[in-house]
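K.L.:
One structure, pasted below without further comment.
FYI, it's all coordinate maths here, none of it is from the lab. Quick caveat, the model's predicted, so the values are computed rather than measured. Cβ coordinates were reconstructed from backbone atoms using ideal geometry, including for glycine residues, and neighbour counts include every protein chain displayed.
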């Protein structure tokens, strides 16, 4: 029996979901989970002898993660699939943990970022200052307590991505949190930091008209290349106030790609 088939058995999968969630899962709760994962059909056998498809198994494992992170949030089939699509690596970790006993290590320190610093980045992306009520609405959308002064790096990145999305969609209603996470998972955004975030409209404008040196790190980050200001000075004749043409931006992108390949070699 291969490992995926072993995990897909009801008693094994239930124990793994309980371990992920950190608490016992009642029978009634598990039946609800089966419905959310599309596994509520009758199999003609006792529940203790049931097994699930690979997709149902992954969805149930992902649901355990969601319930651990968001114990009170309403979860639908759509939101579960969106979150599953953005977090497949966690499912693979769970599968690997079943084969290899986990090594107990000191958990990494969570990097906390002051909310005023995050708001400043959002204001820069938006090109204007967010109103007090607008900023409060954004925090409520992510269920951030009103009196919070610090957020972890993941929430900070999500807030900045919201500013990118709002810049491109000034009147539309914000997507759900899970949908935002899926959209934020594009590979080009992995090179962006809070300071180098930009919207797709900004990138399009730079690609058509060029940009000034102060925006060059943002352009490169939006193109999937991460270079700091100090590195730009080392790589060539760089100036914050100089305007770079479209062809010059292509040269800088090649320079950034070369530097990235050297680091990964």
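K.L.:
Full-extension gain between residue 231 and residue 201, please, as 0.36 nm times their residue separation minus the C-alpha to C-alpha distance.
P.N.:
Between residue 231 and residue 201, full extension yields an extra 8.2 nm.
K.L.:
Among 167, 141, which comes first, then next, by fewest other beta-carbon atoms within 10 Å?
P.N.:
The most exposed by this proxy come first: 141, 167.
K.L.:
For residue 208 and residue 69, compute 0.36 nm times the residue count separating them, minus their Cα-Cα distance, and round to one decimal in nm.
P.N.:
45.8 nm
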